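K.L.:
Structure in structure tokens, see below.
The values are calculated or read from the model by the stated rules, or taken from the named source; none is laboratory data. All of these numbers come straight from a predicted model, not from anything done at the bench. No Cβ is skipped: glycine too gets one built from the backbone with ideal geometry, and neighbour counts run over all protein chains shown. Side chains included, ligands, DNA and RNA excluded: accessible areas come from the protein's heavy atoms. Shrake-Rupley method; radii C 1.70, N 1.55, O 1.52, S 1.80 Å.
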Amino acid sequence: MTERLYYTCDDAEGRANVLSCTPEPDGRYAVVLDSTLFHPQGGGQPADVGWIDNEPVEAVIARGDEVLHIVAKPLSPGGVDLRVDAAQRKLHARLHSAGHLIGLAGTEFGWHPVKAHHWPHEGRITFATGENATLPDAPSLLTKISAWQAENLARQVTFADGLRQVGFGHLPAYPCGGTHVAQLSEIGPVTIVQVKMKKGQMIVNYTLGS
């Protein structure tokens, strides 16, 4: 089982050991490490990019309890240096954290988040209707989000019954395996691009300012 270091730390550089390196059907190689700083694609978030030693990591995939690092050339067993693209990681963390806030803001109007997509230029949260739900407009959602950002609430990570829970300050936490900012002020400007209804669900599209 790969230890997922990004669950508890924000480091972009570190060391690990190559446990195995096996060919993939497409001619590339899947590297399994004893521990990793790389977030695999999943949970609505893109994979991290970066390098193992000087070899570019082209994809990161979770398979069972292991995290596979896809590279073009085989790597030998033993110690290696890990380096995650810090700028890309920061963007993903900001997007994912903003998505959490949009989900929480939607619950204030009686909606329940059921699906999330935290990709650059494609941010989207899908909500199912709850009892007495009302359709908010973008300014109403942003008012709540901006108030939480102004409090600059700190990230809280806990583990219970094998599940990782991520929240900010006094706000409710979500079960989540993704990366997040340490404090809400790091998200920066949030733009609600669209709030629409589709097949009885509310869909909120969002993006971030620089």
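K.L.:
If residue 71 satisfies every condition in (1) farther than 21 Å from residue 177 by Cα; (2) open to solvent by 50 Å² or more (accessible area, probe 1.4 Å) but one, which is the exception?
P.N.:
Looking at each condition in turn, residue 71 falls short on (2).
K.L.:
Please determine, by comparing only the residues of region 85-112 that are free of Cβ contacts under 8 Å to residues at least 60 places away in the same chain and in contact with a Gly (Cβ under 6 Å, 6 or more places away or on another chain), which one is least open to solvent (accessible area, probe 1.4 Å).
P.N.:
Here the answer is 110.
K.L.:
If only one of 123, 130 is more than 16 Å from residue 189 (Cβ to Cβ) and in contact with a His (Cβ under 8 Å, 6 or more places away or on another chain), which one is it?
P.N.:
Numbers: 123 fails: more than 16 Å from residue 189 (Cβ to Cβ).
Answer to the selection: 130.
Rundown of residues vs (1) at negative phi; (2) of a type outside the set (D, E, K, R); (3) open to solvent by 50 Å² or more (accessible area, probe 1.4 Å), yes/no style:
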site	(1), (2), (3)
155	yes, no, yes
165	yes, yes, no
178	yes, yes, no
186	yes, no, yes
199	no, no, yes
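K.L.:
Here's a follow-up. Can you pull out the residues in region 157-210 that are free of Cβ contacts under 8 Å to residues at least 12 places away in the same chain and either touching a Pro at 6+ places or on another chain (Cβ under 9 Å) or not in a strand (DSSP E or B) (or both)?
P.N.:
Selection gives 161, 162, 165, 199.
K.L.:
Does at least one position in region 197-207 carry a residue that is in contact with a strand residue (DSSP E or B) (Cβ under 8 Å, 6 or more places away or on another chain) and over 26 Å from residue 41 (Cβ atoms)?
P.N.:
yes
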